[in-house]
Every structure is written in C-alpha cells, then in structure tokens.
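To start, the structure under review is shown below, and the notes come after it.
The values are calculated or read from the model by the stated rules, or taken from the named source; none is laboratory data. Computed from a prediction, not measured in an experiment: that's the story for all the values here. We place every Cβ from the backbone using ideal geometry, glycine too, and count neighbours over all the protein chains shown. Only protein heavy atoms, including side chains, enter the accessible area calculation; ligands, DNA and RNA are left aside. Shrake-Rupley method; radii C 1.70, N 1.55, O 1.52, S 1.80 Å.
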Amino acid sequence: MRLLTILLLGLALSTCSDESGVTVLHLGHGLDTGHPVHLGMEFMAERLAEKSGGTVTISIYPNQQLGSERQCLELVQIGSMAMTKVSAAVLENFAPATTVLSLPYLFTGREHVYKFQDSPLGKQLLTESEQFRLRGLVYFDAGQRSFYTKDKAVRTPADLQGQKIRVQLSNTAINMVKALGGSPTPISYGELYTALQQGVVDGAENNPPSFYTSRHYEVCKYYTLDEHTATPDVLIIGTEAWNRLTPEQQNWVQEAADEAVVFQRKLWQEAEQEALDAVVAAGVEIIRPDKAPFMEQTRSILDDYRDDPVIYDLIQQIQTMAPGEN
C-alpha cells in the first residue's frame with residue numbers, strides 16, 4: 001500500500017511548469033536535513049534559481065518522504081519524479097559499470113577520489129546510466145565508509161565473524177562483508193535505527209556525518225575507522241526530465257550542480273570532524289585499526305573482476321590516478 005501511495009504521488013512530481021511558466025524539478029531523497037549532502041542540494045537549488053532568474057527551480061523532499069533510496073530511483077527512472085540522490089552502491093543495480101565506485105580499498109584517500117571524480121573518466125562514468133533512463137549530474141562527497149557496532153568492537157577482520165552487519169542493497173557491499181567474515185544484511189536506511197535497537201543487526205557501516213545525523217551512535221558505541229570504501233553519492237536526473245529542458249536550462253542545471261560540488265566538499269570535510277567530535281562526546285569509542293588485514297582479506301574482490309574487461313579496465317585506470325603514481 002505504501003509503495004502504491006508513493007507511485008501515485010510520484011505521478012504528480014515529475015518535471016512540471018506552473019501557470020507562470022516556472023519549471024519545477026522535484027527531488028526526493030532519504031537523508032536528514034542537516035546532512036551535508038542535503039545542504040549541497042539546497043545550495044544547488046539556490047544557484048539554479050539565481051541563474052535562471054527564478055524560471056527553473058528545485059523542490060526538495062528529504063527524509064524518505066517519497067520513499068526509500070531505491071524507490072526514489074525507480075520513480076526517477078519511470079519519469080514520475082525528476083531528480084534524486086543515490087549512493088553509487090545502489091546505482092550499481094541499475095548501471096553495472098558504477099560497481100567500480102564501491103570496491104573496497106580502490107581509492108587511497110580523498111585526494112585520489114576527487115582526482116578521479118573531476119577527470120574525464122569520472123564524468124564519463126556519470127553518463128553510463130543514461131541507457132537506463134538515469135543521467136548522473138555530479139558526485140557528492142560521501143567520505144569513506146567504516147564499521148560501527150553495538151556490543152563488540154571491531155579491531156581486526158576476525159571481530160566481524162558472525163556479526164550481522166547492515167549493508168546497502170549492493171552485491172559489492174554484500175561480498176565485502178562476507179569476505180571479512182561478517183553476515184551482510186540489507187536493510188533500508190530509514191529502518192536501520194530500529195533494527196539496531198531491536199538486535200536485528202549487530203552493526204552497520206557508513207561515513208561519520210551519516211553515523212552522527214542518523215543518531216545511530218545512540219545505539220552503537222564502537223566506530224572502527226577502517227575506511228573500506230569511498231562510495232560517493234550521485235545526483236541523478238531522469239533522462240525524461242532532462243530531455244524536457246531546453247539546452248539553456250540544461251546548462252543552468254549542470255552549472256548549478258558543479259558549483260554545489262565545490263560547496264559540498266568543503267562542508268563535508270568540516271562535517272566529518274564535527275561528527276567525530278560529537279560521537280566521542282556521546283561516549284562512542286573511535287578505533288583506528290591497522291587497515292592492512294582488511295585490505296588483504298578483501299583483495300580477492302578486485303581480482304575477481306579480471307574476467308570483466310569493462311570493470312577491470314576501470315579499476316586499472318583509477319589505480320593509476322593515485323597520488324604518487326605515474
């Protein structure tokens with residue numbers, strides 16, 4: 001019933017023009033309004049309104065008002081909603097090449113991530129999903145994901161043995177947790193707090209701002225900064241909505257998105273430290289483990305793509321972009 005309600009509501013939320021001729025792009029997502037990615041999208045909306053003289057605007061619906069991340073993506077795909085924010089881990093179910101963005105320990109750090117995202121290769125990957133009626137506009141910084149747990153601290157991969165760890169609906173994420181000895185359990189982000197409280201799962205994995213703004217630190221008192229993946233958020237517009245825009249309007253949308261990336265990256269870096277300070281003050285133990293055992297135990301995941309020429313070529317190209325590489 002809830003899905004039917006979402007779909008019916010979505011029919012009214014595609015790109016539309018009101019009587020004054022203003023084009024409104026409706027954007028639904030699942031994040032809290034204090035999250036730096038949401039604030040980045042708000043900045044984009046402001047810049048787009050300025051660039052277009054108020055003739056193109058974005059109406060944002062946060063906090064899963066229009067459904068889960070996957071549901072929002074499906075609404076965009078069928079043209080019932082114009083835009084959404086989606087983790088690249090979820091996007092891989094719609095555009096297989098984006099799987100590379102969720103592979104463990106592929107990126108060496110923030111500088112490497114930004115270098116790739118700003119490169120022609122990174123921008124090309126954004127368009128890979130167009131054949132599935134989804135056009136990537138930009139990557140938003142979502143930091144590096146790490147494990148947090150309720151009752152048992154994770155200091156080595158062995159500590160994940162038997163622990164039920166919430167993951168996104170992503171084969172890559174599922175395989176990573178399996179490789180580390182955990183039991184991967186896909187659960188909607190909006191349902192995770194309750195699942196942690198009730199013991200449905202023993203922990204999860206995410207970046208510091210999400211760990212903080214979701215208030216998961218109230219339940220999980222161990223946060224292990226193993227930083228296994230640097231999976232970005234991707235701002236998506238449906239090709240149906242995109243094609244209804246004029247070339248000038250498309251330029252305004254892309255320019256506003258590009259400017260939002262610069263703003264959001266700075267905001268993200270500030271939010272990461274603020275989040276870590278806040279959860280420590282709330283009694284969370286921050287663990288900085290030796291990453292080598294985690295890297296070694298998940299290395300086979302990258303090697304498994306040797307038989308997939310598309311993904312393996314992307315892996316190699318991204319690795320050559322690492323700082324210090326020729």
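Among the GluC sites (Glu not before Pro) in segment 186-260, none is located in a DSSP loop while being surrounded by at most 11 other Cβ atoms within 10 Å of its own Cβ. Only Cα pairs under 8 Å and 6+ residues apart enter the sum, and on that basis the relative contact order of the chain stands at 24 percent. Each of M41, Q198, L91 was placed along the dipole of the chain (beta-carbon charges, centred on the mean Cα), and the one lying farthest toward the positive end is Q198. Note on segment 169-221: Kirkwood hydrodynamic radius from all Cα pairs is 11.7 Å, rounded to one decimal. Legend: P(r) of the chain from all alpha carbon pair distances, 20 Å bins from 0, whole percents, reading 32, 59, 9, 0.
Spin-label model, R306/T108: points 7 Å from Cα along the beta carbon direction are separated by 2.3 nm. Here is the tail figure for segment 249-309: Cα pairs spaced more than 20 Å apart come to 65 percent of all pairs. Place a point 7 Å from the Cα of A158 along the Cα-to-Cβ direction; which residues of segment 215-240 have their backbone N under 11 Å from it? The answer is none, because no backbone nitrogen lies closer than 11 Å to the label point.
Restricting attention to segment 79-226, the count of lysine pairs at 8 or more positions apart or across chains with alpha carbons under 26 Å apart stands at 12. Rounded to the nearest 20, the size of the Cβ-charge dipole of segment 104-166 about its Cα centre is 280 debye, with Lys and Arg at +1 and Asp and Glu at -1.
Entry note, the chain: the mean residue ellipticity at 222 nm calculated from DSSP H runs of n ≥ 4, each adding -39500 (n - 2.57), is -13000 deg cm²/dmol after division by the residues and rounding to the nearest 500.
Taking the accessible area of segment 174-272, probe 1.4 Å, and keeping the other protein chains in place, the carbon and sulfur fraction comes to 48%.
For the chain, DSSP calls about 55 percent of its internal beta bridges antiparallel.
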